[in-house]
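Written below as structure tokens is the structure these notes are about.
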Amino acid sequence: MGLGSIASRALRSNTLRPGHTNLLRRSIVTTTELRNAEAAQAQPETPPPDLPPRTPVAGARVHFPNPEDAIEVFVDGYPVKIPKGMTVLQACEIAGVDIPRFCYHSRLSIAGNCRMCLVEVEKSPKPVASCAMPALPGMKIKTDTPLAKKAREGVMEFLLMNHPLDCPICDQGGECDLQDQSMAFGSDRGRFTETKRSVVDKNLGPLVKTVMTRCIQCTRCVRFATEIAGVQDLGMLGRGSGEEIGTYVEKLMTSELSGNVIDICPVGALTSKPFAFKARNWELKGTESIDVTDAVGSNIRIDSRGPEVMRVVPRLNEDINEEWISDKTRFFYDGLKRQRLNDPMIRGPDGRFKAVSWRDALAVVAEVIHQVKADEIVGVAGKLSDAESMMALKDFLNKMGSNNVLCEGNGPNPNADLRSGYIMNTSISGLENADVFLLVGTQPRVEAAMVNARIRKTVRATQAKVGYVGPATDLNYDHEHLGTGPQTLSEIAKGSHPFSSTLMNAKNPCIIVGAGIFERDDKDAIFSVVEAIAERAKAVRPDWNGMNVLLLNAAQAAALDLGLVPESDKGIESSKFIYLMGADDVNLEKIPEDAFVVYQGHHGDRSVYRANVILPASAFSEKEGTYVNTEGCAQTTVPAVPTVGDARDDWKIVRALSEVAGVILPYDSLSAIRSRMKTVAPNLVNVDEREPATFSYSLKPESQQKISTTPFKAAVENFYMTDPITRASKVMAQCSALLSKK
Amino acid sequence: MAGVVRNALKSIREKGLRNFFGELKEEGYLKCLLDGNLLQTKMQNIGATLVGIDKFGNKYYEKFGDTQYGRHRWVEYASKDRYNASQVPPEWHGWLHFITDHTGDELLLLKPSRYGVEHRENLSGEGDEYIYHSKGHSLNPGQRDWTRYQPWKPTKA
């Protein structure tokens, strides 16, 4: 007896219990129940199979608006409860069955033209397209039958007929839906012997690269452009095999959300132009971080390879950016590699910068700061500053005796006392419940593209009315341009304006004030007028808060939370020592000639040319920092790439400087500075959770200001270039040259 | 042996004693006193036929008769002090190692002119400046810059 047979005997005796042995033996079993018809009928219906509960696909959740609307369907014999009106595909997702699809996208309208999602439904003669078929009570859906598989294989064969075999040079390779699904439903050989269809590539601008031969006409991009981006640029031309996606006439895609078509394209027809042939997606390291180019704080994933940021893609966050990001967020990353400050520098007596060591640079700054009077010291935090560094800067300057710390964009006299006065109280996702919008001096399309997408979504879904006060602009939804200046607001407040009745009759009115108003002298007066409107329209109630401020920059909310408020409005003009922490939009003309300027930042942008000492800091992709977005949600960035050159984290520089200056700050780790932040503003350490404001504007003292008649100005002149990083970016420069409307 | 002495005397007569010694030095006869290998080569050369001289000045000899077959071809390197086998160019390598009976000069006629870099001897151990360093090596004078960012340059005075 050989060793093998001993082993097999031992195995058999282990695996087979006595009762199962006859199952394995091929034996003829007589179907007694078929012979005995009455006995078969007497048998009850086959009980529901005892299947283990499956987890829904991608965390799909069921929400029953009305409990009696729940219906039950069976997916592969497994019963699921779903609300009425759901499609078969959604029912399958809740049952934990992932149906292959190309054209279906949960945030777009249903097209039903790719036919990949075919499933078998009992009593239906043909396989049905599950994405377009509403689920009916008691429907028995079969997703893995030979019929469904054969149908999908047929669809796949037709799709691959005209699809080029260029996966090795395709940028979508590795993250391509067609590639993945052809592994399951594709044939290993083709039967197609004719020549493949070829389509001329379209020029959609500097961001989206097209290889239209790869297109499978799922029309996701067309639906995205018309429904979410709100531009009628893309469309379908031709019929049958001549069908192609394109701009009807040769033109560029002018949307601030155009980059998202790259993500929703299931094949490599639309890919990122700046990323083209730069890397393959499996080489990249993903870091889940936060966008800082606007105040929305979109959730992003920074894909890096070694020390380089290769691309930025969105991350799902239903409360903030859903699954979209703006073009600025997606494509500004090449600015992180240009114009970087990498060495501490001191301007010599000849006016030239010389690279020096950190020790020397800090010693010079500490020496000078002790030579000036305490009230002549001013600190300015920049647009991209994180809360940690602003905390350190404020603590340091306070210890030096100065209380002139401000954050650019917040204006000379910001209101930091009432949190409800500078955040979006409705919350971004809450905008979907509003039925009338009043935009005051804000152009959300350029100031916060994701908020604008939310408003557009609401307008599209519920026909909400939008009134807009400000300079003429192009919002991509129906709106009423009420006026350009504050006097229109007074008319609405008085009730003499036709729009005020719309506002009064609204159930959930929503007023959004732009942060550009912070820079105006009559800011308090405007706010009190807006509050009067809110009062009349009952916009602030226990169940609804429709009084919002839309901020412009990532640092603004955290700066106000931390109380970065200047002591006097003329701080900069009368200063002798100015500490610019990444502040590049400060009016350099206002800085006195004899002032000593320290610039701490990551890009050689504008202020470095006025600086006396340059301290290189790390950009948001290289450090851990807390940012509060416009709705008051604190989020943290995570370092994705190493810092460049000799740069250091912002707060560490300030901490080191405090030691050299002899006023040591009492924290030397990130957790220590965060606990310091917690004592000042507890919401800053409550990461990823929106902290609503407690008190409303009603506590505010009456303003004595008079409204001026100066019309509102546009807060953002160029959507693509707003901060040091985007101004350094070549792609953003191309975009603003080609796409921004003049 | 007598012939050698006769030849030597003849050249002294023709060139003068000074030139003769100069030539002796150039030919490496002084080095022979310390370098046994060279001395042996020099002694072997007596009566051997000079088959060819390559472009580096290495001399290739052949002698049948009293030499053992397989040791009947040899080279006298042009360099008398630092010589090594990598100084033999490829065209002579085959002849020297009995791979072919064609001499290097014959083989050079077959060499296409469009390719082939100049033969270089192996300089390992001769010092860092002679050795090949990769593009990232710090000793490579044209070391590649792997910096992935472009620093800001203070241009304005």
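Criterion first (among the hydrophobic types (A, V, I, L, M, F, W, C) and in contact with a helix residue (DSSP H, G or I) (Cβ under 8 Å, 6 or more places away or on another chain)) does A:Leu136 satisfy it?
So A:Leu136 fails the test.
For (1) of a type outside the set (S, T, N, Q); (2) open to solvent by 70 Å² or more (accessible area, probe 1.4 Å), each residue gets a yes or a no:
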{"site": "A:Gly154", "(1), (2)": "yes, no"}
{"site": "A:Leu165", "(1), (2)": "yes, yes"}
{"site": "A:Ile169", "(1), (2)": "yes, yes"}
{"site": "A:Cys176", "(1), (2)": "yes, no"}
{"site": "A:Ser182", "(1), (2)": "no, no"}
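Please count how many residues of the stretch B:36-65 are among the small types (Gly, Ala, Ser), closer than 18 Å to B:Thr103 by Cα and open to solvent by 60 Å² or more (accessible area, probe 1.4 Å).
So the count comes out to 0.
In the stretch B:84-93, what count of residues is obtained for those that are crowded, with 16+ Cβ neighbours inside 10 Å and touching a residue at least 12 places away in the same chain (Cβ under 8 Å)?
Residues meeting the conditions: 5.
Are there helices (runs of 4 or more DSSP H) fully within the stretch A:217-334 with at least 3 residues that are more than 14 Å from chain B (Cβ to nearest Cβ) and within 19 Å of the chain's Cα centre (by Cα)? List them.
A:260-264, A:327-331
Across the stretch A:107-142, which residue is surrounded by the most Cβ atoms within 10 Å (Cβ to Cβ) among those that are within 27 Å of A:Val267 (Cα to Cα) and small (Gly, Ala, Ser)?
Once the filter is applied, the top-ranked residue is A:Ser130.
Output the qualifying pairs, or none if there are none: Cβ atoms under 8 angstrom, residues six or more apart or on different chains, first residue in the stretch A:478-503 and free of Cβ contacts under 8 Å to residues at least 12 places away in the same chain, second residue surrounded by fewer than 17 Cβ atoms within 10 Å (Cβ to Cβ).
A:Ser501/A:Gly495
Filter the stretch A:558-594 down to residues that are within 27 Å of A:Met424 (Cα to Cα) and among the β-branched types (Val, Ile, Thr) and give me whichever is most open to solvent (accessible area, probe 1.4 Å).
In this case the residue turns out to be A:Val565.
Please work out if B:Lys111 is among the basic types (Lys, Arg), away from every other protein chain (no Cβ under 14 Å), open to solvent by less than 100 Å² (accessible area, probe 1.4 Å) and out of contact with any Cys (no Cβ under 9 Å at 6 or more places or on another chain). If you could, list the steps in order and put the result at the bottom.
Working: among the basic types (Lys, Arg): yes; away from every other protein chain (no Cβ under 14 Å): yes; open to solvent by less than 100 Å² (accessible area, probe 1.4 Å): yes; out of contact with any Cys (no Cβ under 9 Å at 6 or more places or on another chain): yes.
Criteria met by B:Lys111.
Only one residue in A:Val608, A:Val641, A:Val613 is more than 23 Å from A:Val378 (Cβ to Cβ) and either within 14 Å of chain B (Cβ to nearest Cβ) or among the aromatic types (Phe, Trp, Tyr) (or both), so which one is that?
A:Val641
Could you list, in sequence order, all residues of the stretch A:612-646 that are surrounded by 24 or more Cβ atoms within 10 Å (Cβ to Cβ), more than 25 Å from the chain's Cα centre (by Cα) and either modelled with pLDDT under 95 or more than 18 Å from A:Val309 (Cβ to Cβ) (or both)?
A:Ile614, A:Leu615
Report every pair of residues separated by at least 6 positions or lying on different chains whose Cβ atoms are under 9 Å apart, first residue within the stretch B:65-76 and on the phi > 0 side of the Ramachandran plot, second of a type in the set (A, V, I, L, M).
none
Can you name the residue in the stretch A:663-685 that is of a type outside the set (Ser, Thr, Tyr) and open to solvent by 60 Å² or more (accessible area, probe 1.4 Å) and, of all such residues, is farthest from A:Lys538 (Cα to Cα)?
Filtering the stretch A:663-685 for residues that are of a type outside the set (Ser, Thr, Tyr) and open to solvent by 60 Å² or more (accessible area, probe 1.4 Å), the one farthest from A:Lys538 (Cα to Cα) comes out as A:Ile664.
Does any residue in the stretch B:134-157 that is within 14 Å of another protein chain (Cβ to nearest Cβ) come within less than 7 Å, Cβ to Cβ, of a residue that is part of a loop (DSSP other than H, G, I, E, B) and among the charged types (D, E, K, R) six or more places away or on a different chain, and which pairs are these?
Taking only residues 6 or more apart or on different chains, the pairs are B:Gly136/B:Arg144; B:Gln150/A:Arg338; B:Pro154/A:Arg352; B:Ala157/A:Arg352.
For the stretch A:337-371, which positions are among the aliphatic types (A, V, I, L, M), within 12 Å of chain B (Cβ to nearest Cβ) and open to solvent by 10 Å² or more (accessible area, probe 1.4 Å)?
A:Met345, A:Ile346, A:Ala355
Taking the conditions exactly as written (more than 14 Å from chain B (Cβ to nearest Cβ) and closer than 30 Å to A:Leu438 by Cα), does A:Ala558 satisfy them or not?
Spelling it out, A:Ala558 is indeed more than 14 Å from chain B (Cβ to nearest Cβ) and closer than 30 Å to A:Leu438 by Cα.
The values are calculated or read from the model by the stated rules, or taken from the named source; none is laboratory data. Keep in mind that what you see is a predicted model, and the values were worked out from it rather than measured. Glycine gets a Cβ as well: all are built from the backbone with ideal geometry, and neighbour counts include every protein chain shown. These area figures cover heavy atoms from the full protein model, side chains too; ligands, DNA and RNA do not enter into them. Shrake-Rupley method; radii C 1.70, N 1.55, O 1.52, S 1.80 Å.
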